[in-house]
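Right, one structure below, let's go through it.
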Amino acid sequence: MSTMRSAGQISLRNLRAIPRLPSAFFPALLMPIFTMIAFSGTFYAVTKIPGFPTDRSINWYMPIGVLFGSSFSGIGIGFTTIRDIETGFYDRLRMSPAPRNALIIGPLFTAWMRTVILNLIVVPIGVALGVRFEGGILAVLSLLAASLGMSTLSLGWGLGLAYRFRDMRAAAIMQLSIFIGLYLTSAQMPLEFIDGWLHHVATYNPITYILYLARQGLVLDGTSHDMSWSNTWPGLLAIVVLSGLALAFARRGLDKLDK
Amino acid sequence: MAWRSTKETFRQPALVGPSMIFPIFFAALGASSFSRATSLPGFPKVESFLQFSLAATVVQGVLFGSVTGAAALATDIQNGFFDRLLLAPTSRTGILIGRLAGSAIFGAVQAAAFIAVLWPFGATIKSSFGGALVMVLSGGIVALAIGSLMSAVAIKTASAEAVQGTFPLLFILLFFSSAFFPRETMSGLYRNIADVNPISYLVEGMRELVLVGFSTSAMAKAIFIPTAICVVAILIALRQLRVRLASR
């Protein structure tokens, strides 16, 4: 069986698990909606600070919500992999003639499909609540690219941890690390408005630039965060490097599991 | 029972840790992120955003920590320990109150720890040590109130997962209040929800102690609101206990 065909079958199985085990997917769906509403309502007034790159708080906070949801779409598959390892299903999967890479590419396809579903639900809700895509269709594509990138690197990280720990201890580490990684960015305020230790950490945190990519079409033209190549390539580079490292981490973990 | 409950809580750092670490993490994030927001119209006069967020940090930590005790009660019911306790020659109400007292002690310790950690970094309390003591007392009462509500869930469902499942509700209750930003800076429906959310008044009472000093209104909000919730919550928990005993 070819890698892509095996990956497709594994992906199909994971997708079928959504209605069977909704508790593994719905938190990833509800989280961005909650984050978007709660943050934009609570921190509504920050847009009145002179120089803030948008006049709509929901424009600023929707992308971080989408990235949270995309990340949890990725690590959600890490949770189901742990369950499969614990129940012994994964051993049977490893004994099948499916190529090893298919065990990673299959879940990757699922993570992407979950992320697309999430965007198809969250973005219209955001628009209904007042989100305005200043950059048009390119803005939507930027947000989608960033969210697919976050789901890829989260999936690699989640699978790698699942293969190494092989029990639910990995789930706590997955959630905590993604949560901290996303918060130690310009999640709440623009980088130039942040002071002290967080400014330094966020500047060197590559996820900050993925967030720039996600947000660039939602901020006002003429600001330092607007739609431009300089706000695009660092995010794409961060996605390629982090996803590559995370998927390699997963593949090495799978090899260790085999041994 | 209170002593056992307290020891049990502190013996589980994996459960206790998040409710101690996350509020401090959020306070540190907020202090760096929102320092410029303190000059916004409607924002109270503060020395720093950290000072503003001290009350929210205490309430956040205590709310999240109070789930831990109730989840332990559900575990006791699941593994049969609670049934063995019921066979003991002691008051059934005392068994529940003892466990809730453990939650209250943990809540007060959490409040004291948050104040002790954040005060040196600029979260000074205008009402000084007296105000800090009121905040610690308030933390204990809040933990007792929320712990009682969660215990009612634990007794009804006998499931630690069900108790943990209520966690997002607490998160929503906290976010849809004035815990993280003043109500005066909010608008529309969100402001209306924050206006009717009791958490807003509780946090604002503590915040008044931090930012302004002692006042009757601050004391009333910080002590009487959680006490009122507490009385109702304990009655609900005791009723659930009676229902459970009657069904045996």
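Please compute the Kirkwood hydrodynamic radius over the stretch A:116-259, one decimal place, Å, based on all pairs of different Cα atoms.
Values: mean 1/r = 0.0611 Å⁻¹.
One decimal place: 16.4 Å for the Kirkwood radius.
Using 13 Å as the cut-off for backbone N distance, which residues of the stretch A:119-145 belong to the label zone defined by a point 7 Å from the Cα of residue A:47 along Cα→Cβ?
Under cut-off, by backbone N: A:127-134.
Might you report the magnitude of the Cβ-based charge dipole of chain A about its Cα centre, with Lys and Arg at +1 and Asp and Glu at -1, to the nearest 20 debye? Mind showing how you got there, number by number?
Values: 20 positive and 12 negative charges, 222 e Å.
Around 1060 debye, computed over chain A.
Mind ordering B:85-97, B:157-169 by average Cβ neighbours within 10 Å, highest first? Intermediate results must be reported in sequence, preceding the final value.
On the way: B:85-97: 13.7, B:157-169: 15.8.
In descending order of packing, they fall as B:157-169, B:85-97.
Once phi is turned into ³J(HN,Hα) by the Karplus curve 6.51 cos²θ - 1.76 cosθ + 1.60 with θ = phi - 60°, what whole-Hz value does each residue of the stretch A:82-88 show in order, with x for glycine and proline?
Values per residue, Gly and Pro as x: 4, 4, 5, 5, 5, 7, x Hz.
Please compute the contact order of chain A in relative form: average sequence separation of alpha-carbon pairs under 8 Å and at least six residues apart, divided by the residue count, as a percent.
Working: 414 pairs, mean separation 65.4, N = 259.
It comes to 25 percent, rounded to a whole number.
Which one of B:199, B:217, B:9 is farthest out on the positive end of the charge dipole of the protein assembly as shown, using unit charges on Cβ (Lys, Arg +1; Asp, Glu -1) and the Cα centre as origin?
Ranked along the dipole, the leading option is B:9.
Once the cut-off is 20 Å, how many percent of the Cα-Cα pairs in the stretch A:1-109 end up in the long-distance tail? Each step should come with its number before you reach the end.
On the way: 3116 of 5886 pairs.
Percent of Cα pairs beyond 20 Å in the stretch A:1-109: 53.
Any idea what angle helix A:206-215 forms with the longest principal axis of chain A, computed on alpha-carbon atoms, 0 to 90 degrees, nearest 10?
That works out to roughly 60 degrees.
Based on the inverse mean of 1/r over its pairs of different Cα atoms, what is the Kirkwood hydrodynamic radius of the stretch B:1-144, in Å? Can you show the working numbers first?
Numbers: mean 1/r = 0.0609 Å⁻¹.
When all Cα pairs of the stretch B:1-144 are included, the Kirkwood radius is 16.4 Å.
Which whole number gives the average count of other chain Cβ atoms within 10 Å of the Cβ atoms across peptide B:34-42? Working shown, then result.
Details: counts 8, 5, 11, 8, 0, 2, 4, 2, 2.
The per-residue average across the peptide is 5.
Could you work out which residue, out of B:152, B:228, B:194, moves most in a Gaussian network model of chain B, that is, has the largest mean-square fluctuation with Cα springs under 10 Å?
Top of the fluctuation ranking is B:228.
Kirkwood Rh over alpha-carbon pairs of the stretch A:3-258, then Stokes-Einstein at 20 °C and 1.002 mPa s: what D in µm² s⁻¹, rounded to an integer?
116
Which semi-axes, in whole Å and largest first, does the equivalent ellipsoid of the stretch B:2-246 have when worked out from the alpha carbon gyration tensor as the square roots of 5 times its eigenvalues?
On the way: eigenvalues 220, 60, 51 Å².
Output for the stretch B:2-246: semi-axes of 33, 17, 16 Å.
Rounded, prolate or oblate for the stretch B:96-197? Axes are the square roots of the Cα gyration tensor eigenvalues, ordered a ≥ b ≥ c, and the cut-off for rounded is a/c under 1.5. Don't jump to the answer; show the numbers that get you there.
Values: a/c = 2.45, a/b = 1.15, b/c = 2.13.
Oblate, because a/c is 1.5 or more while a/b does not exceed b/c.
State the answer as a single residue: which of A:128, A:102, A:238 lies farthest towards the positive end of the charge dipole of chain A, with beta carbon charges of +1 for Lys and Arg and -1 for Asp and Glu, about the Cα centre.
The listed residue farthest towards the positive side: A:102.
Calculate the length of the line joining the C-alpha centroid of the stretch A:7-54 to that of the stretch B:36-53, in whole Å.
A separation of 29 Å, based on Cα centres.
R0 = 30 Å: FRET efficiency of residue A:173 with residue B:4, Cβ-based, nearest 0.05?
Values: r = 30 Å, r/R0 = 1.02.
So the FRET efficiency works out to roughly 0.50.
Dipole of chain B (Lys/Arg Cβ +1, Asp/Glu Cβ -1, origin at the Cα centre): which of B:107, B:237, B:247 lies farthest to the positive side?
B:247
For chain A, set up a GNM with springs between Cα atoms under 10 Å and report which of A:226, A:195, A:84 has the largest fluctuation.
It is A:195.
Once you average over the residues of A:43-49, how many Cβ atoms of partner chains fall within 10 Å of each Cβ? Kindly include the intermediate steps, with their values, before the conclusion.
Numbers: counts 7, 7, 11, 7, 0, 5, 5.
Mean shielding by partner chains, rounded to a whole number: 6.
Cross-link candidates for residue A:259: which aspartates and glutamates have Cα within less than 20 Å, leaving aside residues fewer than 8 places away along the same chain?
Excluding near neighbours in sequence, the set is A:84, A:86, A:91, A:167.
Looking at the stretch B:119-171 from every direction and averaging, what is the projected area of its Cα convex hull in nm²? Don't skip to the answer; put the middle values down first.
On the way: hull surface 19.8 nm².
Over every viewing direction, the Cα hull of the stretch B:119-171 projects on average to 5.0 nm².
When the dipole is taken about the Cα centre of the stretch B:2-246, and only Lys, Arg (+1) and Asp, Glu (-1) are charged at their Cβ, what size is it in debye, to the nearest 20? Provide the component values of the computation, followed by the final result.
On the way: 17 positive and 9 negative charges, 83 e Å.
Here the size comes out at about 400 debye.
So which residue, out of A:202, A:111, A:214, gets the largest mean-square fluctuation from a GNM of chain A using Cα contacts under 10 Å as springs?
A:202
Lysine pairs in chain B with Cα distance under 30 Å, only those 8 or more apart or on different chains: how many are there? Mind dumping the intermediate values first?
Working: B:7/B:156; B:45/B:126; B:45/B:221; B:126/B:221.
Taking chain B as the scope, the lysine pair count is 4.
By how many nm would the segment from residue A:240 to residue A:13 grow when fully extended, if each residue of separation counts as 0.36 nm and the alpha-carbon distance is taken off? If you can, show how the numbers build up before the last one.
Working: separation 227, 0.36 × 227 = 81.72 nm, distance 2.69 nm.
Result: 79.0 nm gained on full extension.
Write down Rg/Rh for the protein assembly as shown, rounded to two decimals, with Rg from the C-alpha atoms and Rh from the Kirkwood relation over Cα pairs. All intermediate terms of the calculation are to be shown ahead of the outcome.
Numbers: Rg = 24.1 Å, Rh = 24.3 Å.
When Rh is taken as the Kirkwood radius, the ratio is 0.99.
Evaluate peptide A:193-199: per residue, the Cβ atoms of other protein chains within 10 Å of its Cβ; return the mean as an integer. Show your work: numbers first, answer last.
Values: counts 6, 6, 7, 5, 4, 6, 2.
Partner Cβ neighbours, averaged per residue: 5.
When the chain is fully extended, how far beyond the present Cα-Cα distance does residue A:256 get from residue A:92, taking 0.36 nm per residue of separation? Provide the component values of the computation, followed by the final result.
On the way: separation 164, 0.36 × 164 = 59.04 nm, distance 1.63 nm.
So the extension gain works out to 57.4 nm.
Given a Förster distance of 41 angstrom, what is the FRET efficiency for residue A:141 paired with residue A:83, based on the Cβ-Cβ distance and rounded to 0.05? Spell out each step's value before the answer.
On the way: r = 34 Å, r/R0 = 0.83.
After rounding to 0.05, the efficiency reads 0.75.
Cα atoms only, the stretch A:70-122: Rg and Dmax in Å?
Rg then Dmax for the stretch A:70-122, in Å: 12.6, 39.
Bear in mind that the values in this text are calculations on the coordinates, not laboratory data. Bear in mind that the values here come from a model prediction, so they are computed numbers and not experimental data. Because the Cβ atoms are built from the backbone with ideal geometry, glycine has one as well, and the counts that use them run over all protein chains shown.
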